[in-house]
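Just so it is clear, none of the values below were taken in a lab; they were calculated from the coordinates. This one's a predicted model, so the numbers in the text were calculated from it and none came from an experiment. So basically every Cβ, Gly included, is an ideal-geometry build from the backbone, and we count neighbours across all protein chains shown.
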Amino acid sequence: MAHAAPARIRAHRPAGSTTWLAPLLAVVYGLWAAANHRDGGPITTANVLHGVVAGVVFGALFFGLRSVSARLPRELRALAWGAFTGIAFGFLYSLTGASILRSIVMAAVIGGVVGAMLFYRYYTSEDATGHHD
């Protein structure tokens, strides 16, 4: 009797899944935060430390949200990414010397737009159970 060969089990990775994205974005974010904190002045230890801390916190939050967001329903996933984007942008914007009210408004606008765009993307590319077509 002939038997079928056992099927290979592959670890499922979502399309576009990358492990290098979080560190790359963390470095870019840290450099951007350090440059905004420096405000055109000389590079100091405080500026470098500020950039490193901002980059590490951003990278850790990005990595954590990316690993958890796949299990969230589309509404909460879009809300989480919109909030993350708005907060990250608002922090960078506040380092430019803008008023706190303007930073909050800009962060809310950016976060709202990103959240709405992601909700539309998730809504049109998933079925009712949250699986991709």
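Once you put a point 7 Å from the Cα of A46 and another 7 Å from the Cα of R121, both along the Cβ direction, what distance in nm separates them?
The answer from the label model is 3.8 nm.
Taking every alpha carbon pair in the range 72-133, what does the distance histogram look like in 10 angstrom bins from 0, in percent?
Using 10 Å bins, I get a P(r) of 26, 40, 22, 11, 2 for the range 72-133.
Could you pull out the trypsin sites (Lys or Arg not before Pro) across the range 40-92 that fall in loop regions by DSSP (anything but H, G, I, E, B) with no more than 11 other Cβ atoms inside 10 Å?
Listed in order of number, the matching sites are R71.
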